[in-house]
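See below for the structure under consideration.
The values are calculated or read from the model by the stated rules, or taken from the named source; none is laboratory data. Treat the numbers as computed from the prediction; the structure is a model and nothing was measured. FYI the Cβ positions are ideal-geometry reconstructions off the backbone, even for glycines, and counts take in every protein chain you see.
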Protein chains: 2
Amino acid sequence: MAKNGSAPTMKDVAREAGVALGTVSKVMNGIPVGEDYRRRVQRAAEKLGYQVNNYARGLKTNRTCTAALIIPSLSHPFFSALAHEVCQALTARGYRMIPFVTDFDPQAEQECIRMIRQNKVDGAIGLTYNPNLEVDPELPFVTIDRYFSATVPCVASDNFGGGQLAAEKLLERGCRRLAFLRTGSPVPGEVDKRGDGFEVYCRSRGVEVESLRLNDEDGMEPFARFLREHLEESRLTIDGIFCSTDRLAYEIQKLLEQMGLRVPEDVQLIGYDGMRKFGDADLYCSTIAQPVRKIAETTVDILLKEDRNQLPAMVCLPVTYLPGGTTREPPEKG
Amino acid sequence: MAKNGSAPTMKDVAREAGVALGTVSKVMNGIPVGEDYRRRVQRAAEKLGYQVNNYARGLKTNRTCTAALIIPSLSHPFFSALAHEVCQALTARGYRMIPFVTDFDPQAEQECIRMIRQNKVDGAIGLTYNPNLEVDPELPFVTIDRYFSATVPCVASDNFGGGQLAAEKLLERGCRRLAFLRTGSPVPGEVDKRGDGFEVYCRSRGVEVESLRLNDEDGMEPFARFLREHLEESRLTIDGIFCSTDRLAYEIQKLLEQMGLRVPEDVQLIGYDGMRKFGDADLYCSTIAQPVRKIAETTVDILLKEDRNQLPAMVCLPVTYLPGGTTREPPEKG
């Protein structure tokens, strides 16, 4: 502790280390100084129990070491997994995360941007559904899953490649008549490429494919009708289904079982996301798994990049197929 | 905008509103002024696009309008649901949440307290597993699910009452030989009362009850052995099981089904938490549901209470029984 018993200041650290006040300031703000100086300052700071006041720092260097995360929810599994990994990635880099929960409301998203301005964060990460979202050009901003423009970096899983992979896996497992089912936000986003990749792969192999692309507000009834229309003598004329999310695959499996069809014996199902029960237990279904940690780390690395002139416009991160009980074993090769 | 094109200051607002600078400051900091003054200041601030700089505010009034949440994970369902609701409750009260993820590591939890000191938050909420956690006495702190001492308010679901409710529901549904199974942290906490309430209720009704209380590191094998030991001619001598969490109930159901036993026909199961698949879809099992939103709101209200001399030591919030497929219908009364 400093001699007078109150919290030690940078001046106390400088005195203890026998260096100039400016040197302490540089070390505390991560500005390079000689290695010997850096060590002396750190040793003195530790000895005195010196604590950086991040708010004072925010004013003086214009850095707050906080980043905002704009996200629809912290409780839905994909968003919570992403928030968890973004928080960990920021913490590892000496940053705090401030989450802003929007509940998919475009107005709330715009309101977040206003609040972020007040909070003087160093940057923001957004998983947003407002097609007209206005972001301050001077605020470092990285978007996840929805491409804004070439000047705003976007990070996503390889949605197109994931759709292709789903088609490949279903065909390898003997499927011959495929369908793509989609629900979600009506706002266009990167996730729409899941179906595109799936259809392109099927067509390139001359395989028949049908698509039903709906939005959340359409509910499940149109999917039930679609399935009933494909029943012939209590057998489904489709034998492989790719769903745009694990959640949809879970609901479709329930519909199929209500119709007396067995998964995966009668029809095979693949979802997208790689969600697990209780966050880390069994998969819900066979799935194209998103690399959530890698998405978070890449996003944070781009956000904190010093050179703002060298930012990628779009980064797609590789996905993996994971069997989760709704697909059959592929036939042995040989 | 202010005349010179740069961001407007409080002075600009005072000039525009025709009031003293001190009046603007009072309005911005929520200190009461005459209603007419308040309106004039707000109208001027809106007109000029004046933004409060929360960091400057943090230094001047010693308030940062941020609260820390110390939590093991943001991705496990109960924690993510809680973080979501805490974030919403804080936002509704004009506060930001800064989550600190500890991954159940007692050292990381203590490190959080150190970081929180640096970040000068107004208070902290902790869901912690460090029995020796040292919290600054001057930092407003509310703990969830683990009681520290009479001077640190603790909020939890009514764990004891939940255990009693589970016993009541199983007995109503015809169970006669009950068991309580527990896994989790070895650190004592409020959640231990789930089993206590269950056993007390059973004994008060003269019903036989066995308990197996383990920790996470013991794994599932001791539970499998326990179940095998209670098999007699491929029937289980136990007909009702209360598990300390939904997650454990899910794993126990899998074990029972592997042993050829049917849930709920041969044995009924109740979990605790009220977790749902994908965060908001079907329950995993019949369960004693925690009032997660109410827990979050109560915690935040206590944290932000102005009068620190009137804090409750312990608040237990009521739980509900939800049928989720692992219990039978109760027999008709009449």
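Which of the following residues is out of contact with any strand residue (DSSP E or B) (no Cβ under 6 Å at 6 or more places or on another chain), at pLDDT 95 or above and under 30 Å from B:Glu138 (Cβ atoms): B:Glu257, B:Glu297?
Numbers: B:Glu257 fails: under 30 Å from B:Glu138 (Cβ atoms).
B:Glu297 is the lone residue from the list that is out of contact with any strand residue (DSSP E or B) (no Cβ under 6 Å at 6 or more places or on another chain), at pLDDT 95 or above and under 30 Å from B:Glu138 (Cβ atoms).
Going through region B:89-121 one residue at a time, which ones are surrounded by fewer than 18 Cβ atoms within 10 Å (Cβ to Cβ) and acidic (Asp, Glu)?
B:Asp103, B:Asp105, B:Glu111
Would you please list the contacts, defined by Cβ atoms under 8 Å and residues six or more apart or on different chains, that run from a residue in region A:104-122 that is more than 13 Å from chain B (Cβ to nearest Cβ) to a residue that is surrounded by fewer than 18 Cβ atoms within 10 Å (Cβ to Cβ) and among the acidic types (Asp, Glu)?
Hits for this filter: A:Gln110/A:Glu134.
What is the one condition in (1) crowded, with 18+ Cβ neighbours inside 10 Å; (2) within 29 Å of A:Gln310 (Cα to Cα); (3) free of Cβ contacts under 8 Å to residues at least 60 places away in the same chain that A:Glu199 does not satisfy?
(2)
Quick one: in region A:87-103, which of the residues that are more than 21 Å from A:Glu297 (Cβ to Cβ) and more than 7 Å from every other protein chain (Cβ to nearest Cβ) is modelled with the lowest pLDDT? Give the derivation first.
Quick first cut of region A:87-103, residues more than 21 Å from A:Glu297 (Cβ to Cβ) only: A:101-103.
From what's left, more than 7 Å from every other protein chain (Cβ to nearest Cβ): A:102-103.
Working: A:Thr102: 94, A:Asp103: 91.
Only one residue tops the list, namely A:Asp103.
Scanning for something over 21 Å from A:Val155 (Cβ atoms), in contact (Cβ under 8 Å) with a residue 60 or more places away in the chain, touching a Phe, Trp or Tyr at 6+ places or on another chain (Cβ under 9 Å) and not small (Gly, Ala, Ser), does region A:253-264 turn up at least one residue?
Our first condition is that a residue be over 21 Å from A:Val155 (Cβ atoms); within region A:253-264, this holds for A:253-264.
Narrowing the set further to residues that are in contact (Cβ under 8 Å) with a residue 60 or more places away in the chain leaves A:253, A:263-264.
Within this subset, residues satisfying the condition of being touching a Phe, Trp or Tyr at 6+ places or on another chain (Cβ under 9 Å) are A:253.
Remaining after also requiring not small (Gly, Ala, Ser): A:253.
So far as region A:253-264 goes, yes, one or more of its residues are over 21 Å from A:Val155 (Cβ atoms), in contact (Cβ under 8 Å) with a residue 60 or more places away in the chain, touching a Phe, Trp or Tyr at 6+ places or on another chain (Cβ under 9 Å) and not small (Gly, Ala, Ser).
Provide a single number: the residues in region B:266-291 that are within 14 Å of another protein chain (Cβ to nearest Cβ) and buried (at least 22 other Cβ atoms within 10 Å of the Cβ).
Count: 9.
Filter region A:134-191 for residues that are among the charged types (D, E, K, R) and more than 30 Å from A:Cys112 (Cβ to Cβ) and give the result.
From region A:134-191, those among the charged types (D, E, K, R) are A:134, A:136, A:138, A:145-146, A:158, A:168-169, A:172-173, A:176-177, A:182, A:190; that's our starting set.
Within region A:134-191, A:Glu168, A:Lys169, A:Glu172, A:Arg173, A:Arg176, A:Arg177 qualify.
Checking A:Asp307 against (1) assigned to a loop (DSSP other than H, G, I, E, B); (2) surrounded by 19 or more Cβ atoms within 10 Å (Cβ to Cβ), which test does it fail?
With respect to (1) assigned to a loop (DSSP other than H, G, I, E, B); (2) surrounded by 19 or more Cβ atoms within 10 Å (Cβ to Cβ), A:Asp307 is out only on (2).
Here's a check for you: in region A:77-109, which residue that is among the polar types (S, T, N, Q) and in a helix (DSSP H, G or I) is farthest from the chain's Cα centre (by Cα)? Steps first, please.
Step one: filter region A:77-109 for residues among the polar types (S, T, N, Q), giving A:80, A:88, A:91, A:102, A:107.
So of that shortlist, the ones also in a helix (DSSP H, G or I) come out as A:80, A:88, A:91, A:107.
Working: A:Ser80: 9, A:Gln88: 13, A:Thr91: 17, A:Gln107: 21 Å.
For region A:77-109, the residue satisfying everything is A:Gln107.
Would you call B:Asp218 among the charged types (D, E, K, R) and more than 21 Å from B:Pro323 (Cβ to Cβ)?
Working: among the charged types (D, E, K, R): yes; more than 21 Å from B:Pro323 (Cβ to Cβ): yes.
Criteria met by B:Asp218.
(1) on the phi < 0 side of the Ramachandran plot; (2) surrounded by 16 or more Cβ atoms within 10 Å (Cβ to Cβ); (3) touching a Leu at 6+ places or on another chain (Cβ under 9 Å): which one isn't true of A:Cys316, the others all being true?
Result: A:Cys316 passes all but (3).
Filter region A:246-265 for residues that are within 14 Å of chain B (Cβ to nearest Cβ) and surrounded by fewer than 24 Cβ atoms within 10 Å (Cβ to Cβ) and give the result. Can you show your working first?
From region A:246-265, those within 14 Å of chain B (Cβ to nearest Cβ) are A:246-255, A:257-258; that's our starting set.
Correct list: A:Tyr250, A:Glu251, A:Gln253, A:Lys254, A:Leu255, A:Glu257, A:Gln258.
Residues in region B:156-168: is at least one surrounded by fewer than 19 Cβ atoms within 10 Å (Cβ to Cβ) and of a type in the set (Phe, Trp, Tyr)?
Looking through region B:156-168, none of the residues is surrounded by fewer than 19 Cβ atoms within 10 Å (Cβ to Cβ) and of a type in the set (Phe, Trp, Tyr).
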